[in-house]
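Asks: Structure in structure tokens, see below.
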Amino acid sequence: MLPESLSKRIIISFIFFIVIALAPAYTQSSGGRQDNSVFFIAYGRLIKVDFSSKRIFAEGAFHRTAKYYSVSPGGSVWSRLDYTHIGAINPGMSGAAGRPAGIKLPFRPYMITILPDGTGYISHQILTDKGFPLSVVDTQKKKLLRVIYHIKGIVTDLIHAHGIVYFSTYGFRPPHTLRIYRLMQSDNRAKEIYSLESADYKFKLAVFKDILYVPLLPGRAATAEPEMKLIDLSGNMIASLGRKRLGEIAVILDKPFFYRERGYLPCRTRAGAEGIAVYSVKKQSVVDMLPLQSSIYGIIGIQNDTVAYINIHPDVGRGELTLYFYSIKGRKEVKHIKVLPVIRQTDENKN
């Protein structure tokens, strides 16, 4: 057990971390597409986005606090079932076949990413006497494999590329060091490959063509210039993009979502509006700004030159969660759907 004074400091650090958590918590870049559909989680429900019909469908239910998800090789969507289990929903299936099958974990699950072989990695927001833990599970055999410790901070993003897991952390003790770790399947210990001291920001991670794109997302009222770092998969710095390369961006709101050699970054512009900055991989700079009539919290997916994004953090009591379909070529919204009425209508139809 931890001393009471240390426990109080940890709780305070967690509260600050929640305040700086601006990036979308209801989509996961490492998985999510099945049969041309994209998923996100809202109000604990799995929501399927169909780009062809521009409709959304409420599937099965996870725990009401579920946020992050990942998709296993068989197409099942995994997330938090309760305070000690993760489980899978099979989209489109009803009855027992569609119900979550759980794996018990030693700590409360938070972020999750699943490799192509079905190995899942789950982060936990609890400090033990051996640092922060990360659980490793076999989603096919539905069992816990091991727990990895000695992580020096709260995980702020968790992804995989080429069978290797990458995750970023926020140090809960001053100077609140930001770190990026790499974890091979054969290793029982995560290796730190990059770090930066910054109390008012956190890292998010995206991978495109063997490069980690690492934007700095602000927590408190940050006055620093926007910044995104390009790091290779071994941890070597390739470039640090600032004002000159990021154009009209004032604040980056989320990591880039890559589509056809371009990255799309939700942002706030220097004029005070919210938009989607278009980043050119070839030019390593922002080349366009897509104007929005609404707020943007995070991109859910992009297909057929259409962006699907949500407007707010999908928590009850924080406003009306809406999913927008936005035409890149037309540079305008083409449809929007209020999420909660769809969930209610689905439940009424079942009853």
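Readers should treat all values here as calculations from the given coordinates under stated rules, not as data from a laboratory. Since the model is a prediction, treat every value here as computed from it, not as a measurement. Here Cβ is always computed from backbone atoms with ideal geometry, including for glycine, and neighbour counts include all displayed protein chains.
Asks: Identify the residue in the stretch 113-133 that is loosely packed, with under 14 Cβ neighbours inside 10 Å and within 25 Å of H162 (Cα to Cα) and, among all such residues, is farthest from the chain's Cα centre (by Cα).
Replies: Per the stated criteria, the residue is D117.
Asks: Restricting the stretch 239-262 to residues that are of a type in the set (A, V, I, L, M) and assigned to a strand (DSSP E or B), which is surrounded by the fewest Cβ atoms within 10 Å (Cβ to Cβ)?
Replies: Within the stretch 239-262, the first condition is being of a type in the set (A, V, I, L, M), and the residues that meet it are 239, 241, 246, 249-253.
Narrowing the set further to residues that are assigned to a strand (DSSP E or B) leaves 239, 241, 249-252.
Values: A239: 12, L241: 19, I249: 25, A250: 15, V251: 18, I252: 24.
Only one residue tops the list, namely A239.
Asks: Here is a follow-up. Take the stretch 295-345 and flag every residue that is of a type in the set (V, I, T) and either more than 18 Å from Y264 (Cβ to Cβ) or in contact with a helix residue (DSSP H, G or I) (Cβ under 6 Å, 6 or more places away or on another chain) (or both). Give the derivation first.
Replies: Narrowing the stretch 295-345 to residues of a type in the set (V, I, T): 296, 299-300, 302, 306-307, 310, 312, 316, 322, 328, 334, 337, 339, 342-343.
If the condition is that a residue be of a type in the set (V, I, T) and either more than 18 Å from Y264 (Cβ to Cβ) or in contact with a helix residue (DSSP H, G or I) (Cβ under 6 Å, 6 or more places away or on another chain) (or both), then I312, V316, T322, I337, V339, V342, I343 are the ones that fit.
Asks: Can you spot a residue in the stretch 224-245 that is over 22 Å from I310 (Cβ atoms) and of a type in the set (S, T, Y)?
Replies: yes
Asks: Please enumerate the residues belonging to the stretch 173-230 that are over 30 Å from D117 (Cβ atoms) and within 18 Å of the chain's Cα centre (by Cα). Outline the logic, then answer.
Replies: Kept after step one, since they are over 30 Å from D117 (Cβ atoms), are these residues of the stretch 173-230: 173-177, 196-201, 216-228.
Those that are over 30 Å from D117 (Cβ atoms) and within 18 Å of the chain's Cα centre (by Cα): Y201, L216, L217, P218, G219, M228.
Asks: Moving on to the next point. Name, by its number, the condition in (1) under 30 Å from Y213 (Cβ atoms); (2) surrounded by 19 or more Cβ atoms within 10 Å (Cβ to Cβ) that does not hold for I103.
Replies: (1)
Asks: Just to be sure before I move on: is S294 surrounded by fewer than 18 Cβ atoms within 10 Å (Cβ to Cβ) and within 26 Å of R243 (Cα to Cα) in the structure I sent?
Replies: Working: surrounded by fewer than 18 Cβ atoms within 10 Å (Cβ to Cβ): yes; within 26 Å of R243 (Cα to Cα): yes.
For S294, the condition - surrounded by fewer than 18 Cβ atoms within 10 Å (Cβ to Cβ) and within 26 Å of R243 (Cα to Cα) - is met.
Asks: Looking at the stretch 132-148, I want the residues that are of a type in the set (K, R) and have a partner that is assigned to a strand (DSSP E or B) with Cβ atoms under 7 Å, at least 6 apart or on another chain. Which pairs are those?
Replies: Pairs that qualify, where the first residue is of a type in the set (K, R) and the partner is assigned to a strand (DSSP E or B), are K142/I103; K143/I103; K143/V137; R146/V136.
Asks: Would you point out which residue out of E197, E192 is in contact (Cβ under 8 Å) with a residue 40 or more places away in the chain and touching a strand residue (DSSP E or B) at 6+ places or on another chain (Cβ under 6 Å)?
Replies: Details: E197 fails: in contact (Cβ under 8 Å) with a residue 40 or more places away in the chain.
Within the list E197, E192, the selection yields E192.
Asks: Being assigned to a strand (DSSP E or B) and under 18 Å from S72 (Cα atoms) is the filter here, so list the residues in the stretch 158-187 that pass it.
Replies: Filtering the stretch 158-187 down to residues assigned to a strand (DSSP E or B) leaves 158-161, 164-170, 177-183.
The answer is L158, I159, H160, A161, I164, V165, Y166.
Asks: Sort out which residues of the stretch 141-154 are surrounded by fewer than 23 Cβ atoms within 10 Å (Cβ to Cβ) and either within 18 Å of Q125 (Cβ to Cβ) or among the aliphatic types (A, V, I, L, M) (or both), and write them in order of number.
Replies: In the first step, residues of the stretch 141-154 are kept if they are surrounded by fewer than 23 Cβ atoms within 10 Å (Cβ to Cβ); the result is 141-150, 152.
The answer is L144, L145, V147, I148, Y149, H150, K152.
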